[in-house]
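Remarks on the structure that follows.
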Amino acid sequence: MLGDVYGINGRAHITLECNGYTGLLIAIHEQVPEDLEILERLRVIFTDASKFLYEASRHYAYFHDVTILVPETWSDDPAYERATWETYDIANVLVDEENPEWWHNPYTKQTLPCGKPGEYIHITPKWITDVDFSTYLWGDSGKVIIHEWGHLRWGLFDEYPTSPEENFYFDENGRTEPTRCSESVTGVSLDSSKGWTKCNTDPDSGVLPEPTCLFYPFLEDNPATASYLYAQYLEGVVGFCHDDPDKDPDARHNRLANNQQNKQCGHRSCWEVMREHTDFVDSTPTNIVDTLPFFKVVIERHIRSVLVMDVSGSMFTDDRIHLLVQAATRYIRYTLPLGSWLGMVEFSTSSRITLPLTQITDDQVREDLIDMLPKIVNGHTCIGCALLDGIEVLDRSTEGTEGGRLFLITDGLENYEPFINDVIGGVIKSGVVVDTLALSDEADPQLTMLSQVTGGRSYYYSESEISTALHDAFISSVVDKTPSSSRTPVQFSTPRGAVTVELTSPSGELIINKDSDEYTYERRTKTITISIAGRAEIGAWTYKIMNDDSQARLVEIAVESKSSEKEEIPMKLTCTVDSPLVVETPPYTAIYAELRKGHSAVINAKVVANVERPGSNSDVKLRLFDNGGGADITSDDGVYSAYFLDFVNTEDCITACRYNVKVESIDTEGRTGVQKFSLGSGALPTNYSVIPSRSNTLTHVGDFDRTSSGGVIQLADSIIIDDDYLAADNFPPSRIVDLGIKELNLPDNVQLKWTATGDDLDQGKASRYDLRFSTSFSELFSFFYQCSRINDSMLTEGTLLSPRKAGFPESVTVSITTSDSAVYYFAIIAVDDAGRSGNISNIVSVSSTMIAGTNQKLSPMARSARNVYDITTEPVNAGIGGIVVACISVLSIVIVTVISIVLYILPRRLKVVKDKLLAPGNEAIRYINPA
């Protein structure tokens with residue numbers, strides 16, 4: 001079956017078979033100290049979770065089997081099996097030390113829209129093993145897993161408030177209500193800033209409760225039976241909120257609640273979203289007697305990969321074989337980690353194994369492997385036989401084929417049997433992952449499919465003289481798990497002969513030239529390597545390239561570096577595309593880039609995707625945003641996103657319509673920083689103060705420059721793009737999901753805010769906004785176009801007729817003549833110049849007494865930042881078990897300065913640029929971008 005191992009987001013693929021989930025992978029990080037209690041507790045937690053899941057899913061699903069991956073840093077045990085396909089980077093549940101933004105609070109990383117799967121669940125060793133601690137703050141650990149499973153599997157969102165503006169709302173009768181689901185949840189609203197006194201929830205007061213006022217559910221005798229996405233720790237909560245009027249009223253969805261589930265999912269209940277998932281569309285409930293999962297523990301092993309290289313006659317064209325050897329040399333010498341295994345296969349009319357799996361144990365082994373790279377090209381192209389020999393290399397090892405990786409590089413169409421279609425079944429059955437690199441426009445169009453069905457990544461090198469995609473592909477194909485390094489290589493390569501280089505340190509004290517010991521020239525790859533030993537000096541290094549030849553030279557500069565100390569946490573930029581093989585019509589996909597320092601989000605960065613397009617069309621630069629609009633679902637979480645729509649006429653394509661994606665983030669002005677709190681999807685604790693509050697305080701990371709490959713975007717053969725398509729308006733504007741009340745500043749006025757969407761999804765500018773209101777939520781939700789429309793004459797500030805460019809903030813101030821005891825609901829849509837409308841936004845409310853009242857800003861909640869928590873186990877009020885006292889001990893933290901040199905801080909990532917010397921006999925003097 002296709003995709004047995006890898007899911008659509010690159011994580012281990014979980015399937016539902018006979019009502020049981022199979023393939024769930026939990027992985028323990030290599031830096032977690034060995035503790036067998038973690039394994040025992042994981043068995044208990046997921047056994048309980050399986051039982052809770054069966055009830056919550058209405059007998060649709062339970063956990064059939066669970067695999068736990070322990071790191072190779074732990075002691076081996078006869079009871080452990082050797083890992084095959086299991087690796088930390090594809091696990092569904094990560095066991096790792098706490099995220100400084102989340103403390104020990106379990107959470108799920110979500111980057112995709114409502115109904116799409118999350119990436120992984122993060123839990124900590126302390127949460128797992130300290131039962132009293134985790135139970136007191138989050139309730140039964142098995143129920144916490146069900147909360148996170150809703151995020152991970154079904155794309156649900158939290159139903160508790162995640163910002164001060166979401167704490168309370170007005171219902172249709174003007175009553176002040178706490179944000180919760182279902183409305184049957186009972187409790188008390190207390191103000192922590194006023195000695196835990198009851199909040200003022202009287203609607204006649206004209207204001208909502210203070211931002212420091214929070215709702216605490218009663219832990220005992222609470223009538224609510226839902227929802228897991230609200231307060232999973234309540235004993236009576238056994239299911240998810242639904243929309244069925246004939247089912248349990250104490251689990252009914254609260255459409256008016258001001259929470260992320262309603263915002264992201266269009267005010268639909270959890271069950272409305274779940275019913276559209278294949279788990280429920282393609283299954284029926286059944287009676288399961290035993291929901292106990294089968295557990296397997298496996299221990300990690302080193303990377304096993306095979307380079308499968310095309311040496312057919314066409315590889316002589318445009319010096320392709322030289323470029324391949326050049327990139328492979330760098331890959332073997334600097335990128336593959338110590339301990340990994342490498343084999344080699346060459347193919348043309350037939351294929352042959354040139355190197356069995358060989359472990360890289362030292363630098364001499366690396367050099368020996370480099371000597372085995374191809375030297376002669378001729379013949380036709382047999383990709384099928386190359387795949388079979390690649391599998392054979394892995395099969396000859398004692399650990400078998402499953403989980404091994406093939407990296408297939410080819411420049412042409414297959415034209416010799418066996419073909420890919422002849423062997424694809426066996427490739428999938430073997431369990432290997434196939435990464436592919438299309439080394440020209442003529443490369444076989446099936447490569448992307450081959451990677452997709454085996455869980456690999458596909459890359460494309462257009463042979464453009466300014467493209468660095470060839471080297472980017474080699475670097476991105478290796479998971480970064482390498483220890484610290486004592487050297488930094490800087491390489492200068494040119495296809496047709498050497499230039500000379502001089503490198504100067506920031507202080508000017510170190511000057512390296514062709515006469516220096518650190519300077520080497522490799523004739524076969526035409527590459528100069530300058531190896532900087534030890535910790536590289538902080539600052540901007542300067543390189544000077546001398547070209548004494550009679551012809552102009554194109555020079556590629558590559559810098560690969562990582563932290564010199566294992567404890568230092570580097571900043572990483574990674575990139576993925578939502579759909580490498582686009583099959584939708586009209587075609588579109590999303591590009592996601594994540595910028596993180598450890599687990600912490602890096603925000604305020606400028607991130608740009610450069611997309612190489614087929615034919616003579618110019619490249620497209622696409623700005624990615626972390627603002628919660630369009631393709632980006634959550635602001636300030638370090639994930640920068642945008643939709644890519646700029647496809648070209650398919651007549652410009654040769655064998656396949658491929659687009660190469662590369663992202664870059666540069667900051668030389670010091671605006672970028674690590675956010676103290678990154679909004680995500682986590683389990684609600686009994687004490688709200690455990691959830692860190694948003695803060696404007698950033699730890700600035702200094703100047704930096706990062707690049708990352710996003711792989712390939714390829715159009716399916718069935719998609720035809722012609723001039724008529726390019727001239728048409730194919731997409732409406734994206735839905736606005738962050739409509740909110742910015743300020744209530746004058747009587748009879750309310751200021752609304754949102755993020756601008758585009759003309760086509762999140763690209764360009766919309767033509768206008770359609771803003772409407774009603775005193776009935778139901779009327780506005782169901783009959784938007786029949787509700788009162790707000791035009792510019794009703795605005796005291798702003799306009800609805802001239803939207804800003806997508807991604808930028810918008811606001812208007814609306815003047816409303818209020819009536820007694822009314823609640824006003826607002827919603828908005830964007831309209832493009834062709835009259836196409838986006839879907840209705842989230843709905844916000846304000847009371848007439850609020851609008852008619854005095855100045856009232858909705859200021860952020862003031863919560864204490866904490867680095868260390870020492871939480872007592874005694875409630876403040878015995879009647880409200882959900883409140884605890886937090887004793888905060890703030891420790892001074894030594895912040896490691898992010899050094900301003902790409903030579904030092906890049907973590908196992910290759911910084912590759914190309915520098916064109918415009919004239920013979922010229923010099924190019926450049927600064928290596930700070931990092």
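Structural remarks
- Entry remark, the stretch 590-645: residues being of a type in the set (Gly, Ala, Ser), touching an Asp or Glu at 6+ places or on another chain (Cβ under 7 Å) and crowded, with 19+ Cβ neighbours inside 10 Å number 11 in total.
- Checking 86, 72, 97, 101 one by one, the residue that is in a loop (DSSP other than H, G, I, E, B) and either under 21 Å from residue 20 (Cα atoms) or not assigned by TED's automatic domain parsing to the domain that holds residue 44 (or both) is 86 and no other.
- Criterion applied to 451, 467 was being under 23 Å from residue 325 (Cβ atoms), part of a helix (DSSP H, G or I) and among the polar types (S, T, N, Q), and the one residue passing it is 451.
- Scope the stretch 416-432; condition buried (at least 16 other Cβ atoms within 10 Å of the Cβ) and more than 31 Å from the chain's Cα centre (by Cα); matching residues: 416, 418, 419, 420, 423
- Which listed residue, of 89, 48, is among the acidic types (Asp, Glu) and under 27 Å from residue 687 (Cβ atoms): 48
- The stretch 104-126 - residue that is in contact with a strand residue (DSSP E or B) (Cβ under 6 Å, 6 or more places away or on another chain) and in a loop (DSSP other than H, G, I, E, B) and, of those, farthest from residue 577 (Cα to Cα): 105
- Residues of the stretch 382-416 satisfying the condition of being touching a helix residue (DSSP H, G or I) at 6+ places or on another chain (Cβ under 7 Å), free of Cβ contacts under 8 Å to residues at least 60 places away in the same chain and not in a helix (DSSP H, G or I): 401, 414
- Scanning the stretch 737-786 for residues that are hydroxyl-bearing (Ser, Thr, Tyr), surrounded by 17 or more Cβ atoms within 10 Å (Cβ to Cβ) and not in a loop (DSSP other than H, G, I, E, B) yields a total of 3.
- So residue 470, is it modelled with pLDDT of 90 or more and closer than 23 Å to residue 316 by Cβ: no
- The stretch 128-138: number of residues that are surrounded by fewer than 19 Cβ atoms within 10 Å (Cβ to Cβ) and not charged (D, E, K, R): 4
- Set 182, 227, 141: member being crowded, with 24+ Cβ neighbours inside 10 Å, touching a residue at least 40 places away in the same chain (Cβ under 8 Å) and under 28 Å from the mean Cα position of the chain (by Cα): 227
- For residue 792, the conditions (1) touching a Lys or Arg at 6+ places or on another chain (Cβ under 7 Å); (2) free of Cβ contacts under 8 Å to residues at least 12 places away in the same chain all hold with the exception of (1).
- Complete set of residues in the stretch 235-253 that are free of Cβ contacts under 8 Å to residues at least 40 places away in the same chain and not in a loop (DSSP other than H, G, I, E, B): 242
- Residue in the stretch 263-286 that is touching a Ser or Thr at 6+ places or on another chain (Cβ under 6 Å), among the basic types (Lys, Arg) and either surrounded by 15 or more Cβ atoms within 10 Å (Cβ to Cβ) or touching a residue at least 12 places away in the same chain (Cβ under 8 Å) (or both) present: no
- In the stretch 43-69, residue surrounded by the fewest Cβ atoms within 10 Å (Cβ to Cβ) [restricted to those that are of a type in the set (Val, Ile, Thr) and within 15 Å of residue 20 (Cβ to Cβ)]: 47
- Selected residue (criterion: modelled with the lowest pLDDT) from residues of the stretch 811-827 that are assigned to a strand (DSSP E or B) and of a type in the set (A, V, I, L, M): 823
- Here is the figure for the stretch 336-347: residues that are more than 14 Å from residue 365 (Cα to Cα) and surrounded by fewer than 22 Cβ atoms within 10 Å (Cβ to Cβ) total 0.
- Scanning the stretch 306-343 for residues that are modelled with pLDDT of 95 or more and either part of a loop (DSSP other than H, G, I, E, B) or not assigned by TED's automatic domain parsing to the domain that holds residue 368 (or both) returns 311, 312.
- Every residue from the stretch 646-679 that is among the aliphatic types (A, V, I, L, M), closer than 20 Å to residue 463 by Cβ and crowded, with 21+ Cβ neighbours inside 10 Å: 656, 661
- Residue in the stretch 500-522 that is closer than 25 Å to residue 375 by Cα and in a loop (DSSP other than H, G, I, E, B) present: no
- Among the criteria (1) assigned to a helix (DSSP H, G or I); (2) closer than 22 Å to residue 214 by Cβ; (3) at pLDDT 95 or above, the one residue 157 does not fulfil is (1).
The values are calculated or read from the model by the stated rules, or taken from the named source; none is laboratory data. This is a predicted model, so every value here is computed, not measured. Neighbour counts are summed over all protein chains in view; Cβ atoms, including those assigned to glycine, are modelled from backbone coordinates with ideal geometry.
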